[in-house]
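First comes the structure, then the notes that go with it.
The values are calculated or read from the model by the stated rules, or taken from the named source; none is laboratory data. If you're wondering where the values come from, they're calculated on a predicted model, not measured in any experiment. Note that we place each Cβ from the backbone using ideal geometry, even for glycine, and neighbour counts take in every protein chain shown. We work out accessible area using only protein heavy atoms, side chains counted, and drop any ligands, DNA or RNA first. Shrake-Rupley method; radii C 1.70, N 1.55, O 1.52, S 1.80 Å.
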Amino acid sequence: QVQLVESGGGLVQAGGSLRLSCAASGRLPYNYAMGWFRQAPGKEREFVAAIRWSTGITTYADSVKGRFTISRDSAKNTVFLQMNSLKPEDTAVYSCAAGSPYYIGSQTYDYWGQGTQVTVSS
């Protein structure tokens, strides 16, 4: 009964920026996290960033650290991913996830969005 809808993907040149949004509807538990994952063609889905809702503590994959920033708007149940200094290697379908994972960077979130395409051209 929780639905996640991503937006903000698109085509951008290397070095550019995009801001992804993920709006959650439905009732989430008090203690939960929201995160971003991505999957490029021919590759496994990988963790990108996550935020613990109650505390705002963030976690990033090493590959995006210093370039991406995850944030939240608690009143709107929305999480954002600000992506700067984009590289062609960042090209992937980015999916939003929510729930109570085994650990913050795991694949064990309870709810998943449909994803939004991010394409970075060289």
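Numerical summary
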quantity	calculated
Test set (1) at pLDDT 95 or above; (2) over 18 Å from Pro29 (Cβ atoms); (3) of a type outside the set (A, V, I, L, M) - Cys96 fails condition number	(2)
The listed residue being in a loop (DSSP other than H, G, I, E, B), modelled with pLDDT of 95 or more and at negative phi, out of Val48, Val12, Val64	Val64
Search result, residues across the stretch 1-32 that are surrounded by 17 or more Cβ atoms within 10 Å (Cβ to Cβ) and either in contact with a Pro (Cβ under 6 Å, 6 or more places away or on another chain) or farther than 20 Å from Ile104 by Cα (or both)	Gly9, Val12, Leu18
Residue in the stretch 80-92 that is under 14 Å from Leu18 (Cα atoms), within 12 Å of the chain's Cα centre (by Cα), open to solvent by 50 Å² or more (accessible area, probe 1.4 Å) and among the polar types (S, T, N, Q) present	yes
Sole exception among (1) out of contact with any strand residue (DSSP E or B) (no Cβ under 6 Å at 6 or more places or on another chain); (2) open to solvent by less than 50 Å² (accessible area, probe 1.4 Å) for Phe68, by number	(1)
Ser106 of a type in the set (Ser, Thr, Tyr), more than 18 Å from Glu6 (Cα to Cα) and at pLDDT 95 or above	no
All positions within the stretch 34-64 that are free of Cβ contacts under 8 Å to residues at least 12 places away in the same chain and surrounded by 11 or more Cβ atoms within 10 Å (Cβ to Cβ)	Ile57
Residues that are crowded, with 17+ Cβ neighbours inside 10 Å and either outside any strand (DSSP E or B) or over 13 Å from the mean Cα position of the chain (by Cα) (or both), drawn from the stretch 106-122	Tyr109, Gly113, Gly115, Val120
Any chance Ala75 is assigned to a helix (DSSP H, G or I) and not hydroxyl-bearing (Ser, Thr, Tyr)	yes
Odd one out for Thr69 among (1) in contact (Cβ under 8 Å) with a residue 40 or more places away in the chain; (2) over 18 Å from Val2 (Cβ atoms)	(1)
Every pair of residues 6+ apart whose Cβ atoms lie under 7 Å, when the first sits in the stretch 108-120 and is more than 22 Å from Thr91 (Cβ to Cβ) while the second is at pLDDT below 95 and outside any strand (DSSP E or B)	Thr108/Pro101; Thr108/Tyr102; Tyr109/Pro101; Asp110/Ser100; Tyr111/Val2
